[in-house]
Amino acid sequence: MRINKTKLLLTLVILLSILNVSTIASIWRYIDFSTLSIITTPAPMGGPKDFIISKLDLNEEQQKVFEELRQEHFQEMKNLQENIRVEKDAMYDLLKSDQPDTTASYQHIARIMKNEEKLEHITFNHFRKVRAICNAEQQQHFDVIIDEVMRMLMRPPRPLAPGKMHQNNHAKDQHYHLP
């Protein structure tokens, strides 16, 4: 009788161990270790652009208009991001002085914030235009996926290791990339 209890306990321990390992392995499949967040829906290899096209099932004409909207949007964003970079460089140059001009730093911050505000406005209008090219059914899908698209776009850039900072002078100016 004692041997049967030992075998039963050993069998149970082995089965529970296998169950624990398989549970942990299945959970790990849904963790994005680059951002340490849970992946709700994996994005296609092409990123937000392909995600939007596939989730909304855009036809060829819609894809053409979508691409034109993207190009227009990228150009507007590029100009503002460059303005932000220039303002940030000028602001941080003030630190090279023993007595930095705080009034000038506040002026730079105000211009940076104004450009950031414009970026958000442009992004909002871009997605409003994207939604407008959709039919009624696609608009319903758009309303469901827009939060996920924005999470994909707003993922913060990975921090650089302290020794790698000099390799990318403008790492602090990296912004999200829009579809």
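The values are calculated or read from the model by the stated rules, or taken from the named source; none is laboratory data. Remember, it's a predicted structure, so these values are computed and weren't measured experimentally. Cβ sites come from the backbone with ideal geometry, for glycine too, and all protein chains shown count toward neighbours.
Among residues of the stretch 63-87 that are in the same structural domain as Ser105 (by TED's automatic domain parsing), those with a Cβ under 6 angstrom from a residue that is charged (D, E, K, R) and surrounded by 13 or more Cβ atoms within 10 Å (Cβ to Cβ), sequence gap 6+ or separate chain, pair up as Leu69/Lys129; Leu80/Lys118; Arg85/Asp173; Glu87/Arg111.
Taking residues in the stretch 118-132 that are assigned by TED's automatic domain parsing to the domain that holds Gln63 and over 14 Å from Asn83 (Cβ atoms), and partners anywhere that are of a type outside the set (A, V, I, L, M, F, W, C) and part of a helix (DSSP H, G or I), the pairs with Cβ atoms closer than 6 Å and at least 6 places apart or on different chains are His126/His73; Arg131/Gln139. Being hydrophobic (A, V, I, L, M, F, W, C) and under 29 Å from Arg70 (Cα atoms) is the filter here; which residues of the stretch 80-124 pass it? Within the stretch 80-124, Leu80, Ile84, Val86, Ile109, Ala110, Ile112, Met113, Leu119, Ile122, Phe124 qualify.
For the stretch 129-155, taking the residues that are assigned to a helix (DSSP H, G or I) and among the basic types (Lys, Arg), the one that is nearest to Leu69 (Cα to Cα) is identified as Lys129.
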